[in-house]
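Bear in mind these aren't lab numbers, they're just calculated from the coordinates by the rules spelled out. All of these numbers come straight from a predicted model, not from anything done at the bench. Backbone-built Cβ (ideal geometry, glycine too); neighbour counts: all protein chains shown.
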Amino acid sequence: MGWPSLGAMNGAQALIRTLVACGVDVCFSNPGTSEMHFVAALDDVPEMRAVLTLFEGVATGAADGYGRMADRPAVTLLHLGPGLGNGIANLHNARRAGTPIVNIVGDHATYHRQYDAPLQSDIETLARNVSGWIRDTTRTEDVARDAIDAVTAALGAPGQVATLILPADTSWLEGGQPGGARVTRSVRPVDADTVDVVAKALRSGEPAAVMLGGGALRARGLAAASRVAEAAGAKLMCETFPARQERGAGLPAPESLGYFAEFAVAQLQGVKHLVLVDTKAPVSFFAYPDKPSSLVPDDCEVHVLAVDADDAPLALEQLADALGAPSDNARATAAPQAERPAGALDAAAVAAAIGAVLPEGAIIANEANTNGIFIAGATEGAARHDVLTLTGGAIGLGLPLATGAAVACPDRPVLSLEADGSAMYTLQALWTQAREGLDVTTVIFNNRSYAILNIELARVGAGAGGPKAQSLLDLSNPDLDFVALSRGMGVDAVRAETAEGFTAELERAFREPGPHLIEVVL
Ligand SMILES: Cc1ncc(C[n+]2csc(CCOP(=O)(O)OP(=O)(O)O)c2C)c(N)n1
């Protein structure tokens with residue numbers, strides 16, 4: 001394959017070469033005509049892995065899963081404004097997760113823009129909603145500089161989406177000069193005063209809670225946070241939808257803040273000091289008539305220990321030391337490993353089976369929604385694993401997220417827990433899993449319903465709903481057959497009927513390489 005001599009390198013070749021030099025070597029793509037030089041250049045750079053997705057929401061969600069697990073960005077290759085637009089919902093989730101991602105959005109050649117050809121649109125306006133950094137690279141000689149800036153921005157704190165708009169002529173013209181060197185994420189220590197103020201509040205003896213999010217939910221942060229909570233007699237909690245949390249036997253298990261505001265209010269009742277570690281002060285997911293938006297009790301003081309670029313685990317260790325906590329007083333979960341379930345197959349049995357047979361080092365992408373309520377409890381004492389959740393509430397993330405996590409971590413089994421309605425948004429991810437031979441096991445919770453919306457209908461005070469309202473929340477007529485859908489995309493699939501049968505299928509799926517799908521009808 002070899003490298004063209006420097007002078008003969010076009011913009012696309014220089015771009016891909018620069019991305020690789022910066023440590024970015026996976027591209028989730030769905031290209032079009034304006035990206036053809038980028039596509040062609042992929043064969044000149046063997047280090048860049050190119051993964052085809054059949055919808056941009058899969059590409060962006062996969063880049064999110066990849067970034068959360070690899071701690072470095074993947075690139076997406078998207079086709080002008082409409083391609084970016086299709087990927088926005090999962091870029092929204094990625095923004096909420098603080099995931100580093102570099103979008104390459106192809107555009108018309110610079111001189112073609114004035115003609116308002118059919119695919120012309122305002123890419124920047126679309127990109128602004130989800131991107132912390134945007135640049136339009138209109139000169140081939142600027143490609144390497146802009147790519148380096150994009151990767152640096154993506155890895156800036158907190159991780160963010162960086163969008164590089166790449167006109168077709170910038171790609172195809174010669175004169176590209178590759179550059180770049182490995183870019184890493186940088187964090188800074190919090191200042192000693194901040195640690196002191198928080199330590200003083202925790203020493204007051206008043207009821208306190210430590211709320212963890214972001215980078216505090218990896219093993220090191222969890223251990224330090226547990227030392228703090230033990231020393232201060234504080235409640236250890238975590239945000240409802242973490243980007244990535246390490247869980248399982250041997251690790252502290254913070255209490256997760258409830259999704260429904262009434263539960264969250266009860267959990268925080270009486271707390272006088274709320275210490276935030278890489279998370280925001282909790283708010284209700286939605287507004288409800290006559291219910292508060294902020295979940296922080298009125299007489300509670302909020303203290304920010306670490307945020308954005310702060311080194312959250314280090315801050316927690318400093319806080320633990322300031323409180324005089326012994327170095328070994330972190331408390332691991334006491335939850336036992338779940339027992340294998342027997343008999344009827346319901347959501348609780350599925351959760352128990354997962355807790356019982358989850359392999360060490362698994363990654364769980366959890367978009368099981370209402371049927372996922374038993375998962376956290378059943379896996380608290382399971383083999384050690386990571387959990388990725390729906391950070392931004394835009395459903396249709398789970399299958400792409402699992403796909404990207406599997407690309408990032410080829411040696412770790414990925415378990416994708418997926419509600420039927422959410423699955424249908426980005427089901428095409430299964431095809432990418434099959435094509436790439438990814439070790440992903442998908443469990444579909446098929447309740448033939450947008451069940452959460454049935455609950456919300458009543459909670460917002462809209463009543464139970466008449467037949468028309470009910471029909472908008474019902475996924476039967478016709479019933480979705482996920483076994484057939486999955487096989488149609490090349491993924492081995494079965495429907496489990498009993499708890500024992502499900503457990504056996506789950507073990508088989510974990511044992512065999514490549515993707516599998518198990519449908520559970522509830
Ligand atoms: C992008 C996007 N569109 C629509 C919604 C609104 N919404 C929230 S939950 C939901 C249905 C969820 O159904 P399913 O995934 O089957 O889970 P279940 O509630 O049945 O457990 C919808 C449509 C959303 N959150 N995000």
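Just a few scattered comments:
- Near residue 165, the amide H atoms lying under 5 Å from its own belong to 105, 135, 136, 137; only residues 5 or more places off or on other chains count, and H is placed 1.01 Å from N.
- Protection proxy ranking, peptides 513-520, 45-52, average beta carbon neighbours within 10 Å, highest first: 513-520, 45-52
- Dipole moment magnitude, nearest 20 debye, the stretch 150-243 about Cα centre, only Lys, Arg, Asp, Glu C-beta charged: 380 debye
- For the chain, the relative contact order is 15 percent, taking Cα pairs closer than 8 Å that sit 6 or more residues apart in sequence and dividing their mean separation by the residue count.
- Sequence of 319, 91 once ranked by neighbouring C-beta atoms within 10 Å, starting from the fewest: 319, 91
- Simple Cβ-charge dipole of the chain, Lys/Arg +1 and Asp/Glu -1, about Cα centre, in debye nearest 20: 280 debye
- Prolate/oblate/rounded call for the stretch 146-289, Cα gyration tensor, a/c under 1.5 rounded: prolate
- Sorting the segments 476-484, 443-451 by their residues' average number of neighbouring beta-carbon atoms within 10 angstrom, most packed first, yields 443-451, 476-484.
- Shape call, the stretch 41-195: gyration tensor on alpha carbons, a/c limit 1.5: prolate
- Per-residue 3J(HN,Hα) values for the stretch 130-137, derived from phi via the Karplus relation 6.51 cos²θ - 1.76 cosθ + 1.60 with θ = phi - 60°, read 10, 9, x, 8, 9, 8, 9, 8 Hz in sequence order (x marks Gly and Pro).
- Computed from point charges on the beta carbon alone (+1 for Lys and Arg, -1 for Asp and Glu), the dipole magnitude for the stretch 256-376 about its Cα centre is near 400 Debye.
- Built amide H within the under 5 Å cut-off of residue 495, gap 5+: 519
- The protection proxy used here, the mean number of other Cβ atoms lying within 10 Å of each residue, ranks peptides 74-85, 136-147, 363-374 as follows, highest first: 74-85, 363-374, 136-147.
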